[in-house]
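Single-structure report; data block below.
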Amino acid sequence: FNPTTQNGIPDIPSGPLDIYRKKASFSWKQMLQFLEGDEIIAFKQHVFRTLESDPLFARQPGEDIPVEQKRELAFRRCKQLFKYDFVTRDDVMQNPWKMTILNDCLGMYDWSLGAKYFLNKGVSPFHILLMLCLSEFVISSPDFEAAKFWVGNLGKTATHSVVFAQLYTPDGQCHGLHSFIVQVRDPKTLLAMPGVMVGDMGKKLGQNGLDNGFAIFHNVRIPRENLLNKTGDVTPDGRYVSPFKDPNKRFGASLGALSGGRVGITRMALVNLKLAVTVAVRFSATRRQFGPKEDEEIPVLEYQLQQWRLLPFLAAVYALEHFTRSFCMNFVEFQIGLLMKDKSDRQAELGREIHAMSCASKPLGSWTAQRGIQECREACGGHGYLAMNRLGELRDDNDPNCTYEGDNNVLLQQTSNYLLRRIESPLETVNFLEDMNSILQRKFTVGSVEECMNPGVPLAAYKWLVCFLLGESQRKLFHEKSSGLGDFEARNNSQVYYCRSLAIAYIEHTVLQRFHDLIQDEQTPAALRSVLGRLCALYGLWTLTNHMAILYQGGYFSGRQPVDFIHTAILTLCGQLKDDAVALVDVIAPPDFILNSPIGKADGELYKNLWSTVMQGKNVLERPSWWAEFCSDKPAVGSLRAKL
């Protein structure tokens with residue numbers, strides 16, 4: 001760690017939070033530099049400063065804007081982003097991670113804007129039926145039930161879209177899902193193209209700066225060249241050809257290619273959790289209430305209950321930060337293989353593994369953020385309920401992460417199906433299952449709370465947990481099929497308590513394993529290993545408490561000691577991390593302009609900032625416009641009862 005490079009990281013404003021910052025066991029700037037590196041730090045600062053200096057991006061905390069105006073603002077800001085061109089094609093080729101970081105930055109400002117921008121960088125995907133008529137394709141929606149809803153940008157503004165369609169060739173054979181470019185509106189008038197019915201879905205619970213829409217096609221003809229033919233093509237005479245001779249390999253490649261959205265959503269959920277935890281921890285470190293002495297109030301962060309509510313989510317932020325970064329790079333590796341037309345077995349297996357991971361990481365990320373944001377909202381008391389402090393907006397904007405690109409509970413079935421098939425694992429996420437029999441012979445043998453605080457303890461428990469749930473799921477499926485049920489019914493009856501739990505345990509183990517590996521890596525600075533180790537142990541033990549019943553059911557736990565040790569270890573780790581909490585959120589927090597929350601500002605001037613924002617509100621001290629009605633024609637008390 002070179003202290004001279006700290007000059008590239010702006011100092012944080014001094015204020016009441018200095019009390020905790022001085023107690024930190026590590027340098028927050030060193031942690032930031034380790035996690036992101038100089039190039040990404042400089043890039044983020046450039047994006048944030050550019051937005052803050054542009055009047056078009058000015059806003060007030062909690063401002064209430066009509067939907068139509070929100071969409072216009074999002075559109076105008078999106079146009080401005082294209083002028084700034086923060087990430088060029090060469091930038092992406094040199095450092096693909098920059099595109100993810102740009103999405104982080106824009107999402108921290110406004111997810112509607114981020115979604116609109118990146119949907120315009122690409123095109124909006126949806127599914128329909130398609131047939132080849134030699135020189136062109138014909139797209140048709142069989143009926144209104146085949147209409148695709150929720151397509152981003154499609155409501156009012158999209159002119160072209162990617163359509164994922166079932167491809168039929170003239171011989172009547174269906175070759176499965178393929179993607180096509182289809183024009184849906186005239187760019188000069190924004191009117192629908194012939195044969196296309198396209199419209200807006202209306203107001204949503206959140207992200208209303210983005211117009212989501214629907215589309216139905218009736219014999220819409222597109223050129224044959226509009227087929228995106230990376231995994232399959234059709235010749236001019238109507239023959240289907242593919243670089244993958246084995247349909248299973250083509251399917252594996254297609255699965256991996258379609259995983260990008262879920263990989264991205266996992267990261268988006270993490271960004272939401274980062275913002276919420278930043279607000280709640282800073283609030284908790286400055287909000288004083290009661291204390292051991294009558295004349296002294298202490299910050300609510302000093303209370304064990306507040307630590308237990310918030311700090312496990314802070315640990316989850318750091319665990320998911322490393323996981324999402326490494327997982328995005330795994331996906332980039334897969335994409336490079338597609339570009340290089342890699343037809344190897346490994347490429348197909350990599351696609352399947354990424355698909356399985358993303359089908360579980362999206363549920364884990366979005367559910368963790370959902371629970372975490374709500375806990376942060378409640379932990380900030382009444383002030384957390386004020387729109388100006390942004391926690392409600394974060395909750396609403398995160399909520400669709402649980403649904404789009406696949407309902408979380410449904411997606412988990414894809415992951416359990418992968419695990420039950422036990423195929424090759426290029427990313428080594430299931431290699432430990434080769435030792436399944438020996439792992440299942442192990443027991444929880446920890447002899448003290450201190451030993452329990454070693455990150456290896458929850459990691460070992462998770463390996464046993466995944467092995468046990470895999471065996472139980474296999475037995476459940478076998479039992480259902482033995483009773484005469486078909487494959488569909490057997491799988492349907494094996495989700496709750498079995499396959500679903502298996503998928504969740506698998507991805508939690510993967511996240512924990514990668515975090516543990518980071519701490520053990522020789523390139524991780526020694527000065528940071530202690531705090532990272534505590535975060536890793538806290539995350540592992542905290543998530544493990546969701547599986548206590550299964551750990552006892554399978555015999556890994558026995559007696560009361562395991563639970564006593566784990567509960568005490570969690571509380572001890574929370575107490576140890578309490579003084580590091582403010583510095584840890586300083587690492588993940590954006591500038592105040594982007595965070596846009598008075599109670600979460602970096603200077604910690606809680607009431608000063610809150611009061612200032614309240615007084616800047618519209619008509620704060622004015623009487624209501626309907627004051628005359630209030631002051632006149634008041635009914636006499638009890639007059640209604642008297643008439644009755």
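The values are calculated or read from the model by the stated rules, or taken from the named source; none is laboratory data. Quick caveat, the model's predicted, so the values are computed rather than measured. No Cβ is skipped: glycine too gets one built from the backbone with ideal geometry, and neighbour counts run over all protein chains shown. Quick note on the areas: whole protein, heavy atoms, side chains included, nothing else; ligands and nucleic acids left out. Shrake-Rupley method; radii C 1.70, N 1.55, O 1.52, S 1.80 Å.
Output the qualifying pairs, or none if there are none: Cβ atoms under 9 angstrom, residues six or more apart or on different chains, first residue in region 364-375 and under 12 Å from ILE265 (Cβ atoms), second residue of a type outside the set (A, V, I, L, M, F, W, C) and outside any helix (DSSP H, G or I).
SER366/THR403
Quick one: in region 403-413, of everything that is touching a residue at least 60 places away in the same chain (Cβ under 8 Å) and in a helix (DSSP H, G or I), which residue is farthest from the chain's Cα centre (by Cα)? Give the steps one after another, and end with the answer.
Here is the first cut: in region 403-413, the ones touching a residue at least 60 places away in the same chain (Cβ under 8 Å) are 404-406, 409, 411-413.
Okay, now just the ones that are also in a helix (DSSP H, G or I), so 409, 411-413.
Values: ASN409: 15, LEU411: 15, LEU412: 15, GLN413: 19 Å.
Filtering first and then ranking leaves GLN413.
Does region 58-72 contain any residue that is closer than 28 Å to VAL317 by Cα and part of a helix (DSSP H, G or I)?
no
Residue-by-condition table, conditions (1) in the same structural domain as ASN226 (by TED's automatic domain parsing); (2) touching a residue at least 60 places away in the same chain (Cβ under 8 Å); (3) under 30 Å from SER242 (Cβ atoms):
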| residue | (1), (2), (3) |
| --- | --- |
| ASP171 | yes, yes, yes |
| CYS174 | yes, no, yes |
| HIS178 | yes, no, yes |
| ILE181 | yes, no, yes |
| THR189 | yes, no, no |
| MET197 | yes, no, no |
| LEU205 | yes, yes, no |
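Any residue in region 450-462 that's under 12 Å from ARG534 (Cα atoms): show its pairings with residues that are hydrophobic (A, V, I, L, M, F, W, C) and not in a helix (DSSP H, G or I) at Cβ separation under 9 Å, as long as the two are six or more apart or on different chains.
Pairs found: CYS452/VAL446; ASN454/VAL446.
If a residue has to be out of contact with any Leu (no Cβ under 7 Å at 6 or more places or on another chain), open to solvent by less than 60 Å² (accessible area, probe 1.4 Å) and in a loop (DSSP other than H, G, I, E, B) to count, how many in region 233-245 make the cut?
4
Against the definition (at pLDDT below 90, among the basic types (Lys, Arg) and under 25 Å from ILE354 (Cβ atoms)), how does LYS274 come out, yes or no?
When the stated conditions are applied, LYS274 does not pass them.
Looking only at region 74-94, how many residues end up being in contact with a helix residue (DSSP H, G or I) (Cβ under 8 Å, 6 or more places away or on another chain) and either open to solvent by 90 Å² or more (accessible area, probe 1.4 Å) or of a type in the set (A, V, I, L, M, F, W, C) (or both)?
9
Return yes or no: is PHE149 touching a helix residue (DSSP H, G or I) at 6+ places or on another chain (Cβ under 6 Å) and either at pLDDT below 85 or aromatic (Phe, Trp, Tyr) (or both)?
no
Each row is one residue, and each column tells you yes or no for (1) in contact (Cβ under 8 Å) with a residue 24 or more places away in the chain; (2) assigned to a helix (DSSP H, G or I); (3) surrounded by fewer than 24 Cβ atoms within 10 Å (Cβ to Cβ).
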residue	(1), (2), (3)
ARG262	yes, yes, no
VAL277	yes, yes, no
PHE290	no, no, yes
LEU305	no, yes, yes
ARG309	yes, yes, yes
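Given LEU427, LEU420, LEU469, LEU485, which one is more than 30 Å from GLN520 (Cα to Cα) and touching a residue at least 40 places away in the same chain (Cβ under 8 Å)?
From the options LEU427, LEU420, LEU469, LEU485, the qualifying one is LEU420.
Give the residues of region 196-232 that are touching a Lys or Arg at 6+ places or on another chain (Cβ under 9 Å) and either among the polar types (S, T, N, Q) or open to solvent by 20 Å² or more (accessible area, probe 1.4 Å) (or both), sorted by residue number.
VAL198, ASP200, ASN208, ASN212, PHE214, ILE216, LYS230, THR231 - these are the residues of region 196-232 that are touching a Lys or Arg at 6+ places or on another chain (Cβ under 9 Å) and either among the polar types (S, T, N, Q) or open to solvent by 20 Å² or more (accessible area, probe 1.4 Å) (or both).
Report whether or not LEU518 is modelled with pLDDT of 95 or more and not aromatic (Phe, Trp, Tyr). Let's see the steps before the verdict.
Values: modelled with pLDDT of 95 or more: yes; not aromatic (Phe, Trp, Tyr): yes.
The answer is yes for LEU518.
Does SER358 satisfy the condition of being surrounded by fewer than 24 Cβ atoms within 10 Å (Cβ to Cβ), touching a helix residue (DSSP H, G or I) at 6+ places or on another chain (Cβ under 7 Å) and among the hydroxyl-bearing types (Ser, Thr, Tyr)?
Details: surrounded by fewer than 24 Cβ atoms within 10 Å (Cβ to Cβ): no; touching a helix residue (DSSP H, G or I) at 6+ places or on another chain (Cβ under 7 Å): yes; among the hydroxyl-bearing types (Ser, Thr, Tyr): yes.
Considered against the rule, which asks whether it is surrounded by fewer than 24 Cβ atoms within 10 Å (Cβ to Cβ), touching a helix residue (DSSP H, G or I) at 6+ places or on another chain (Cβ under 7 Å) and among the hydroxyl-bearing types (Ser, Thr, Tyr), SER358 comes out as no.
Which numbered condition trips up THR324, out of (1) open to solvent by less than 10 Å² (accessible area, probe 1.4 Å); (2) over 16 Å from the mean Cα position of the chain (by Cα); (3) polar (S, T, N, Q)?
Only one criterion in (1) open to solvent by less than 10 Å² (accessible area, probe 1.4 Å); (2) over 16 Å from the mean Cα position of the chain (by Cα); (3) polar (S, T, N, Q) is unmet by THR324, namely (2).
How about region 80-110: which of its residues are more than 16 Å from ARG325 (Cα to Cα) and not in a helix (DSSP H, G or I)?
ASP85, PHE86, VAL87, THR88, ASP110
Of all residues in region 540-561, count the ones that are in contact (Cβ under 8 Å) with a residue 24 or more places away in the chain, in a helix (DSSP H, G or I) and of a type in the set (A, V, I, L, M, F, W, C).
5
Could you tell me which residue of region 29-73 is most open to solvent (accessible area, probe 1.4 Å), considering only residues that are within 24 Å of the chain's Cα centre (by Cα) and under 22 Å from ALA158 (Cβ atoms)?
Taking the candidates together, the pick is LYS70.
Based on what the data block shows, is THR403 at negative phi, touching a Phe, Trp or Tyr at 6+ places or on another chain (Cβ under 8 Å) and either open to solvent by 70 Å² or more (accessible area, probe 1.4 Å) or in the same structural domain as HIS509 (by TED's automatic domain parsing) (or both)?
no
Among (1) aliphatic (A, V, I, L, M); (2) open to solvent by 20 Å² or more (accessible area, probe 1.4 Å); (3) modelled with pLDDT of 90 or more, where does LEU102 come up short?
It is condition (2) that LEU102 fails.
Check SER361 against each of (1) more than 15 Å from the chain's Cα centre (by Cα); (2) modelled with pLDDT of 95 or more; (3) within 23 Å of VAL317 (Cβ to Cβ) and name the one condition it does not meet.
Every condition holds for SER361 apart from (1).
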